[in-house]
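The values are calculated or read from the model by the stated rules, or taken from the named source; none is laboratory data. For clarity, every value in this text was computed on a predicted model and none was experimentally measured. Using ideal geometry, Cβ is built from the backbone for each residue, glycine included, and neighbour counts are taken over all protein chains shown. Side chains included, ligands, DNA and RNA excluded: accessible areas come from the protein's heavy atoms. Shrake-Rupley method; radii C 1.70, N 1.55, O 1.52, S 1.80 Å.
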Amino acid sequence: MNFSFTIARRIALNRQKSFSRFIIRLSVAATALSVTAMIVTISFVNGFQKTIAEKVFSFWGHIRVQQYEAGKSLIAEESPIQRNDTVEYIIKHQEGIKQVQVFATKSAVIEKNKEIEGILFKGIDEHYDSTQLKRFIKEGHWPAFSDSVYSKEILISASLAASLQLKVKDTLKIYFISPAQGTSTYRKLVVSGIYKTGIEEYDKLFAIGDIRLIRRLNNWQPNEIGGYEIFATDYRKMDTISNQLMNTLPNIWVSRTIRDVFPNIFDWLDIQDVNRNVIFTIMSVVAIINLITCLLILVLERTRMVGILKAVGAKDWTIQKIFLYQASLIALAGVGIGLFAGLGICWLQELTGLIKLDESNYYVSEAPVEIIGWQIFFIAAGTAFICFCSLIIPTLLIRKIQPVKAIQFR
């Protein structure tokens, strides 16, 4: 049996009360707290980024293709483009693309009981995949497209419904504005449903209806659209896909990722990475300092033992390993407890939604959690490895201890 490990285990299992015993428990607790904080932080940041990004992607896809217009706002009415079977075939068969859908938008004002609100009316067709958006519908149903002319139903946001005191099946007047001609016309539409994504500044801006109504108002041809919204199989590759599309699209068309269209949301999500890294750094430093302090105290408390072992011929590295084994057991105990506590908090939040948030500020009503296995393993293994490496430094003190003085040490 390993001599150093045997002594380290006997010291670690010693039940005798001492100051070092308190320090050991404190070090285990500090390491466990650090690992718990890192696991909870990374799981919550993952949850925030995934949940909020999915809300934006559900509404607009990952990439938008439309006619290029220099100096024009990215969130504005599009100039019409004609559907092109060849281009659509190229887009649909581009590697990494899962789905392609058509859309168009038009500025409008909704009026109800002499109250008005400005919106951007998003027109879609009967082939639009509503699976992603239907989960955000709080009341009513998705607009029906059975009418031969255009659907007279509209899906509005909960904030817009509250502002105008609208309910499902209410009839409203929607005035469509033509900035170029300086004219407006109105249509009466029925509220089919009320949705809420939680991203308030966009919820109150958009309403969803039939693209055929936009074609009729703009005098577009039946095959004209505002653009295509594209869903990628992996959203992390949307920049690469968008760049590839730019090389295949007609010259007057442009491809933009949703990150380009709504940069403020994604910039806010990127800040979460900075917060995560700061917490990781602080927690790692706390764990390392506590373990180093603990090991120094252990060495000083066992100075006489070190002197005796040296006197009987034990080598410095053999004695160093005794304390390294002991400190490693302390670190592993802390990592294990932290792993259990961190995953427990995350699973509790997933099951109960215990931590509530202000949806108007954070875009979600409950703190979302996403546990990624390899990240948890990296935190546990990385913390244990870094702690072990840092523990070698205080054991170098053993090389300075002289047997004669150490045996006399009190």
| task | Once you've got the Cα coordinates, tell me which of K114/K134; K55/K98; K122/K196 are over 24 Å apart. | result | K114/K134
| message | Which trypsin sites (Lys or Arg not before Pro) in region 287-345 sit in a loop by DSSP (not H, G, I, E or B) and have at most 15 other Cβ atoms within 10 Å of their own Cβ? | response | K315
| Nearest-10 value in Å² for the accessible area of C389, using the 1.4 Å probe | 60 Å²
| message | Quick query: amide H of I355 versus all other amide H atoms, modeled in the peptide plane; which residues come in under 5 Å with a sequence gap of 5 or more or a different chain? | response | A367
| task | Multiply the residue gap between N277 and F377 by 0.36 nm, knock off their C-alpha separation, and tell me the result in nm, one decimal place. | result | 34.3 nm
| task | Pull up the cross-link candidates among the aspartates and glutamates for K112, meaning alpha carbon to alpha carbon under 14 Å and not fewer than 8 places away within one chain. | result | D170
| remark: A correct Karplus calculation of ³J(HN,Hα) over region 170-176, with 6.51 cos²θ - 1.76 cosθ + 1.60, θ = phi - 60°, whole Hz and x for Gly and Pro, returns 6, 9, 10, 9, 10, 9, 9
| What order, most packed first, do the peptides 234-241, 144-151 have when packing is the mean number of other Cβ atoms within 10 Å of each residue? | 234-241, 144-151
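Which FRET efficiency value, to the nearest 0.05, is calculated for V149 and I252 with the Förster distance at 45 angstrom and r the Cβ-Cβ distance? Intermediate results must be reported in sequence, preceding the final value.
On the way: r = 30 Å, r/R0 = 0.67.
Efficiency, rounded to the nearest 0.05: 0.90.
As a test of the definition: which semi-axes, in Å, follow for region 129-189 when you take the square root of five times each eigenvalue of its alpha carbon gyration tensor? Largest first, please. All intermediate terms of the calculation are to be shown ahead of the outcome.
Values: eigenvalues 106, 53, 29 Å².
Sorted largest first and rounded, they come to 23, 16, 12 Å.
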| task | List the residues whose amide H sits under 5 Å from the amide H of G227, counting only those 5 or more places along or on another chain, with H placed 1.01 Å from N in the peptide plane. | result | F103
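In Å³ and rounded to a whole number, note down the convex hull volume per residue for the Cα atoms of region 201-339. If you can, show how the numbers build up before the last one.
Details: hull volume 29.5 nm³, N = 139.
Each residue corresponds to 212 Å³ of Cα convex hull volume.
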| query | What accessible area, in Å² to the nearest ten, does a 1.4 Å probe give for K138? | reply | 130 Å²
| remark: Hydrodynamic calc, the chain: Kirkwood Rh from Cα pairs, then Stokes-Einstein at 10 °C with viscosity 1.306 mPa s, so D in µm² s⁻¹ is 61 µm²/s
| field | Under DSSP loop assignment and at most 15 Cβ neighbours within 10 Å, longest GluC sites (Glu not before Pro)-free interval of the chain | value | 127-410
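Obtain the radius of gyration and the Kirkwood radius of region 225-286 from its C-alpha atoms and give Rg over Rh. Walk me through the intermediate numbers first.
On the way: Rg = 17.1 Å, Rh = 14.3 Å.
Here Rg/Rh amounts to 1.20.
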| said: To make sure I understand the rule: partners must be aspartates and glutamates, Cα under 17 Å from the Cα of K237, and not fewer than 8 residues away in the same chain. Which ones qualify? | reply: E54, E95, E229, D260, D270
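Using alpha-carbon pairs under 8 Å, 6+ residues apart, how would you state the relative contact order of region 105-192 in percent?
Details: 127 pairs, mean separation 29.1, N = 88.
After rounding, I find 33 percent.
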| request: Quote to one decimal, in nm, the extra length available between K134 and I393 on full extension: 0.36 nm per residue of separation minus the C-alpha distance between them. | output: 87.4 nm
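Sort the following peptides by mean Cβ neighbour count (other Cβ atoms within 10 Å, averaged over residues), highest first: 262-272, 36-46. Could the numbers behind the result be given before it?
Details: 262-272: 14.2, 36-46: 21.7.
For the peptides 262-272, 36-46, the packing ranking is 36-46, 262-272.
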